[in-house]
């Protein structure tokens, strides 16, 4: 990182600077000073985004591991390593983010001692901890190969089937349990979002977003690292995404139908506007786009559909964690800028670490010498791509 | 058998002595400014509200099956066998799930502390285990807040309603809500007007059951799902083995 300052490098440093300032406020003046959380709104974006969305966005790891190693879809092999890397970084950074949100983070290890098996939070904690360990082992071969350590490579190959099954099992459990977190609040969470089916929806959306994120990430990496974009892989993922979206949409529809909510959700209201936004981004736009074969076969079309899916499900989870509680609380919650800046800092750190890992480890092993970007001219530059590229340099 | 509090709003004169006694019991500051505050907070566990010359007290409901205790990942909240729902600060990691889960919005947080803890009415557990009544019940000059066995208090509340049907709304708030609570309320005004959630919204199902239905499946789900995943792995990789074996056979026959 010795090259001259570029626009995105400045942005990156600014994000880190503001984030560190907010970190200082958080740990020297407390949660009340750094956030707009209150007794009326005890959970803000650090739970709504960093926890709920962060873990969903890292779902690409278990989706791709499942596709390639469990179902033996050999053609998707090239996306496994970046997906596992993203997941591993995502989970580590989520744990870092949790240290900001917990009021007494120095007691986080109490989870291991004073276990309460009736608590969904405990179950999630246990799963996330175990799964991060599994991801670490799934990530390790990169390091072994980098230093050409043959014995450990042989060893990891032996235990890989166990790691794969354990990883998918743990993911199934905690991805759905994030939804179970809200099952205990039937009187508080708005009926648009409260449903006994929440754990199923959280698992379903994790798979859709896992696929969408892999498309997004492959496209971004192609741009940022000047890699050749494998259209065949993206097309396959796009098809799977379309199916996943239809299944999710159908389940949501059935849920509203059986709870007699279909009349409610089309009536304009504060919550309805947010619901419409979510449904449009998560279902209407990407399903429409992907229904055209022309779009399914074009990198830009797949890229747009995946971004819309990701944004839609982020909106969905923010609605569940934040919008859905506003009527009960009688209070509008808008995060303070310092809350945003901590979240941004964590995301930026994730991009930077991803860039570093790609630079130093065989994440994209099939291309030792990166070819020139073929996509660069075709899609508009995005913050992510730029930060990725420049930090890695 | 659990100890309970019966609050009869029709007997309350709004003197706020319960607020003061509560603050003293829990070593919290109490002066005219605090007395004027009409919301519960980390320094005010109970509050006496006034609306149209009618009073209403708010405090922790001490649910028979408390959501706060069930959600706490480290079990920092628990229901004692005497009735109070208490808090062990030394276990707490500060995740605030109890605050989000509580249907009555009772747990409050030290938002400006660097080592924040939860605050809520804990029904004076030391006094209760020592066989005494709570500080608020002891000081109440009219008996509006009464301490006793839950069954006895329910009996008494039902008697009061029967003897003076015109004085009361015909219901005991807390009798069935969320599976029953140890704070029981009699009134002639709707408790909902004072910020209590409506009985219809709460329902009679204990809150922990909503999560229990899912969590209780996990021990059965884990072995089944592992087997399914293992099976898929075996089948999908079996094809490779078969292909490899066939290829070998071919090579062998050629030779």
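The table below lists the values:
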| item | result |
| --- | --- |
| Checking residue A:72 against (1) surrounded by 20 or more Cβ atoms within 10 Å (Cβ to Cβ); (2) modelled with pLDDT under 95, the condition it does not meet | (1) |
| 3 or more residues in contact (Cβ under 8 Å) with a residue 60 or more places away in the chain and within 27 Å of residue B:11 (Cα to Cα): qualifying helices (runs of 4 or more DSSP H) within segment B:57-154 | B:135-139 |
| Set A:202, A:216, A:192: member being within 14 Å of another protein chain (Cβ to nearest Cβ) and either touching a residue at least 40 places away in the same chain (Cβ under 8 Å) or closer than 20 Å to residue B:217 by Cα (or both) | A:202 |
| Segment A:107-136: number of residues that are assigned to a helix (DSSP H, G or I), within 13 Å of chain B (Cβ to nearest Cβ) and out of contact with any helix residue (DSSP H, G or I) (no Cβ under 9 Å at 6 or more places or on another chain) | 3 |
| Search result, residues across segment A:250-282 that are surrounded by fewer than 16 Cβ atoms within 10 Å (Cβ to Cβ), assigned to a helix (DSSP H, G or I) and without any contact (Cβ under 8 Å) to a residue 12 or more places away in the chain | A:250, A:253, A:254, A:257, A:258, A:262, A:263, A:273, A:276 |
| Single condition residue A:27 does not satisfy, out of (1) modelled with pLDDT of 90 or more; (2) away from chain B (no Cβ under 14 Å); (3) more than 23 Å from the chain's Cα centre (by Cα) | (2) |
| Candidates B:184, B:229, B:202 - the one that is outside the structural domain of residue B:145 (by TED's automatic domain parsing) and surrounded by 19 or more Cβ atoms within 10 Å (Cβ to Cβ) | B:229 |
| Whichever residue in segment A:156-165 is surrounded by 14 or more Cβ atoms within 10 Å (Cβ to Cβ) and free of Cβ contacts under 8 Å to residues at least 40 places away in the same chain and, among such residues, is farthest from the other protein chains (Cβ to nearest Cβ) | A:156 |
| Residue that is nearest to the other protein chains (Cβ to nearest Cβ) [pool: residues in segment B:39-54 that are free of Cβ contacts under 8 Å to residues at least 60 places away in the same chain and in contact with a strand residue (DSSP E or B) (Cβ under 6 Å, 6 or more places away or on another chain)] | B:47 |
| Leading residue by the ranking (nearest to the chain's Cα centre (by Cα)) among those in segment A:33-55 that are part of a loop (DSSP other than H, G, I, E, B), closer than 15 Å to residue A:342 by Cβ and at the interface with another protein chain (Cβ under 8 Å from one of its Cβ atoms) | A:43 |
| Which listed residue, of A:183, A:140, is over 20 Å from the mean Cα position of the chain (by Cα) and at pLDDT 95 or above | A:183 |
| Qualifying position, being farther than 14 Å from residue A:97 by Cβ and either at pLDDT below 95 or crowded, with 21+ Cβ neighbours inside 10 Å (or both), among A:45, A:13, A:55 | A:13 |
| Residue in segment B:172-195 that is free of Cβ contacts under 8 Å to residues at least 12 places away in the same chain and in a loop (DSSP other than H, G, I, E, B) present | no |
| Those residues of segment B:105-127 which are over 19 Å from the mean Cα position of the chain (by Cα) and more than 14 Å from chain A (Cβ to nearest Cβ), in sequence order | B:126, B:127 |
| All helices (runs of 4 or more DSSP H) inside segment A:307-393 with 3 or more residues being modelled with pLDDT of 95 or more and within 19 Å of the chain's Cα centre (by Cα) | A:337-360 |
| Residue check, residue A:15 more than 14 Å from every other protein chain (Cβ to nearest Cβ), in a helix (DSSP H, G or I) and touching a helix residue (DSSP H, G or I) at 6+ places or on another chain (Cβ under 7 Å) | yes |
| Residue check, residue A:153 more than 24 Å from residue A:285 (Cα to Cα), surrounded by fewer than 22 Cβ atoms within 10 Å (Cβ to Cβ) and under 20 Å from the mean Cα position of the chain (by Cα) | no |
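The values are calculated or read from the model by the stated rules, or taken from the named source; none is laboratory data. Bear in mind that the values here come from a model prediction, so they are computed numbers and not experimental data. No Cβ is skipped: glycine too gets one built from the backbone with ideal geometry, and neighbour counts run over all protein chains shown.
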